[in-house]
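Visitor: One structure follows; several queries about it will come next.
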Amino acid sequence: MPRRPWVVRTSPRHGRGVFAVATIPAGTRIIEYTGELISEAEGERRYPTRPGADEEPEHTYLLTLDEHRVIDANVGGNAARFINHSCEPNCEPIAFGDHMWIVAVRDIRPGEELAYDYAIELDEPHTPARKRRFPCACESKRCRGSILKPKRQPLHPLVRRAIARYGPKD
């Protein structure tokens, strides 16, 4: 496998995307999601949602590391910030201490766009209007139409299995 089995280019889903240029076996740590490690409150301060807005800010590259901290890839981030969402993911961010790695949840073929389920969780109800603020463009067969994590539904089975199999061992 090449040193970097991926390349960044224009995505049909959204803006730029990351695409496999070689087969990436399941369980591979593809790329670390880098950026400034900040508190969740600081992330909210930096990228507030405007009251009454129809959509969330366009390019917010925050990824939750744990219950208190997020990684802001707008500051010191790398190509991992261009990995788009899919309701049928082929990779998943998995925390290893203070680092977040994008890990293949299944074998990824050359030419495939890397994508993980953003599974954004909101405390408030997922009304039709709220779902429209978080639209999905993955066009997968099982597309939910939104990047929100459905209430009371577990993560995608491939993601659950990958976290158990490839995640850190206590």
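Visitor: Considering region 94-112 alone, what residues qualify as being in a strand (DSSP E or B) and either surrounded by fewer than 21 Cβ atoms within 10 Å (Cβ to Cβ) or touching a helix residue (DSSP H, G or I) at 6+ places or on another chain (Cβ under 7 Å) (or both)?
Guide: Correct list: 94, 95, 96, 99, 101, 102, 103.
Visitor: Just for region 120-137: of the residues that are of a type outside the set (A, V, I, L, M) and within 19 Å of residue 63 (Cα to Cα), which one is surrounded by the fewest Cβ atoms within 10 Å (Cβ to Cβ)?
Guide: Residues of region 120-137 that are of a type outside the set (A, V, I, L, M), as a first pass: 121, 123-128, 130-136.
Within this subset, residues satisfying the condition of being within 19 Å of residue 63 (Cα to Cα) are 121, 123, 133-136.
Details: 121: 11, 123: 4, 133: 16, 134: 18, 135: 15, 136: 21.
Among those that are of a type outside the set (A, V, I, L, M) and within 19 Å of residue 63 (Cα to Cα), it is 123.
Visitor: Say we look at region 116-170 and pick out the residues that are in a loop (DSSP other than H, G, I, E, B) and among the aromatic types (Phe, Trp, Tyr); which of these is modelled with the lowest pLDDT?
Guide: Across region 116-170, the extreme among qualifying residues is 134.
Visitor: Being open to solvent by less than 90 Å² (accessible area, probe 1.4 Å), among the acidic types (Asp, Glu), at pLDDT 90 or above and closer than 24 Å to residue 133 by Cα is true for just one of 32, 42, 36, 56. Which residue is that?
Guide: 42
The values are calculated or read from the model by the stated rules, or taken from the named source; none is laboratory data. Because the structure is a prediction, the values reported are computed rather than measured. No Cβ is skipped: glycine too gets one built from the backbone with ideal geometry, and neighbour counts run over all protein chains shown. The protein model used for the area step is the full one, side chains on, heavy atoms only, and it has no ligands, DNA or RNA in it. Shrake-Rupley method; radii C 1.70, N 1.55, O 1.52, S 1.80 Å.
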